[in-house]
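Here's the structure, in structure tokens; my notes come after.
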Amino acid sequence: MLARFLIWTLLLLVVSRAVRSLLGGIVQGATKPPSRGGGAPEKGELMVRDPVCGTFVLPSRAVSTNDRQGTHHFCSDRCRQAYQQR
Ligand SMILES: [Zn+2]
């Protein structure tokens, strides 16, 4: 009878400690600022070079045009116009 009581007490202690440390970890994780690598917002998307000014741009956000050589991406409409006027 006493042994069972001791086992339960021990078990409760261990569980409550585990729960507390788990909650503490969650709180710590929530207060921590999200760590970001910085740079490219889209993962796995390769940046392409603007042939006019040389700036690297993301194809999904860039201004693009197609010609005989393929698709070209530009940082702005001005660069695209400059490219097309060449
Ligand atoms: Zn440009």
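The values are calculated or read from the model by the stated rules, or taken from the named source; none is laboratory data. Computed from a prediction, not measured in an experiment: that's the story for all the values here. Every residue, glycine as well, gets a Cβ built from its backbone with ideal geometry; the counts of neighbours run over all protein chains shown.
The table below gives the values:
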{"quantity": "Positions within segment 42-81 being within 14 Å of the ligand (Cβ to nearest atom) and among the aliphatic types (A, V, I, L, M), in sequence order", "calculated": "Met47, Val48, Val52, Val57, Leu58, Ala62, Val63"}
{"quantity": "Hey, Gly25 modelled with pLDDT of 65 or more and assigned to a helix (DSSP H, G or I) or not", "calculated": "yes"}
